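K.L.:
Let me begin by handing over the structure; questions about it come next.
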């Protein structure tokens, strides 16, 4: 088993049929996440060096693609924002209760989401005691999110996605908005979420009016989700929180590995998380 957590472009320069015939790969970069080569090359500014493996690569969002992951030899580990966003929106989009073209995503991330590179903008004095939007209308996770939501909706989906940098070490918080197609009750929407995640170990649907918080998922592979119906505007607010370094990266990679090798999906992922 090989895990690759490398800069964009390196994994596709190394993977080959010979390697895949001998081992399985979980790639944590974006090299095989996006099925459309032109889209990848446009957003990442790279010429894709191994397009022959893109169709084979399985998008490793376990809760949606579990059976495909089990049979895969190349898994594209999803990005952190796409994981939390997709899992927060999936139940209502799949059920056809929201307008796919009305989705707006407001996202927040701790500074570890930018990696460990020595960047002035990520220095403690630059990020402490402030919050800012970044990658406005240009963030590279946008096409990944749109592609996954398009598969769920059964039609092309275009979203507005704005990430923000928050002065904390780790964590992702998603607040997504969409127009409801019709009047719904809390019980109806809750039933949709429960049907989607009732048997999932790592997705927790919170109690009514509870909002996801990054501190409750810190150091764990859990994603906490919930929703709020705004009857006044006809919108629904979909919320999610997770640790970008665990379910958003290494934890999800382990979860994928467990599926690929027929191990219990929770193996290595149930240690006590960090709190406070």
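Taken together, the values in this text are just the output of simple stated rules run on the coordinates, not laboratory data. Everything quoted here is computed from the prediction, not taken from an experiment. Cβ sites come from the backbone with ideal geometry, for glycine too, and all protein chains shown count toward neighbours.
K.L.:
Looking at the chain, what % of its DSSP beta bridges pair antiparallel, to the nearest 5?
P.N.:
Antiparallel bridges make up about 60 percent of those DSSP assigns within the chain.
K.L.:
What value, in deg cm²/dmol to 500, does the helix sum -39500 (n - 2.57) over DSSP H runs of n ≥ 4 give at 222 nm once divided by the residues of the chain?
P.N.:
Here the helix-only value at 222 nm equals -8500 deg cm²/dmol.
K.L.:
Relative contact order for the range 80-244: what percent, with Cα pairs under 8 Å and sequence separation of 6 or more?
P.N.:
Once normalised by length, the contact order is 31 percent.
K.L.:
What's the ranking of 76-87, 33-44 by average number of surrounding C-beta atoms within 10 Å, highest first?
P.N.:
The packing order, highest mean first, is 76-87, 33-44.
K.L.:
Still on this structure, I have one more. Each label point is 7 Å from the Cα along the Cα-to-Cβ direction; what then is the distance between the points at residue 270 and residue 37, in nm?
P.N.:
4.4
K.L.:
PRE reach from residue 208 (point 7 Å along Cα→Cβ): which of the range 164-192 fall under 12 Å by backbone N?
P.N.:
Taking a point 7 Å out along Cα→Cβ of residue 208, the residues of the range 164-192 whose backbone N falls under 12 Å are 185-191.
K.L.:
If you don't mind, there's one more thing I want to ask. Where both partners of a DSSP beta bridge lie in the range 80-244, what percent of those bridges are antiparallel, to the nearest 5?
P.N.:
75
K.L.:
Related question: What's the extension gain from residue 200 to residue 129 if we count 0.36 nm per residue and subtract their Cα-Cα distance?
P.N.:
The span from residue 200 to residue 129 would gain 21.9 nm if fully extended.
K.L.:
Now a separate question. Name the most mobile residue of 230, 27, 106, meaning the one with the largest mean-square fluctuation, in a Gaussian network model of the chain with Cα contacts below 10 Å.
P.N.:
Maximum fluctuation in the GNM of the chain, among the listed residues, is at 230.
K.L.:
Sticking with this structure for a sec: Please report, to one decimal in angstroms, the Kirkwood hydrodynamic radius of the range 80-244 built from all distinct Cα-Cα pairs.
P.N.:
16.3
K.L.:
Which angle from 0 to 90°, rounded to the nearest 10, does the C-alpha axis of helix 186-197 make with the longest principal axis of the chain?
P.N.:
Taking the Cα atoms of the chain, the angle to 186-197 is about 20 degrees.
K.L.:
Between helix 80-94 and the chain, what is the angle of the helix's C-alpha long axis to the longest principal axis, kept within 0 to 90° and rounded to the nearest 10?
P.N.:
Roughly 50 degrees, rounded to the nearest 10.
K.L.:
Can you give the angle from 0 to 90° between the axis of helix 141-153 and the longest principal axis of the chain, with both taken from C-alpha atoms, to the nearest 10?
P.N.:
70
K.L.:
May I ask you to list the residues of the range 155-174 whose amide nitrogen lies under 18 Å from a point 7 Å from Cα along the Cα→beta-carbon direction of residue 137?
P.N.:
Label zone hits: 158-164.
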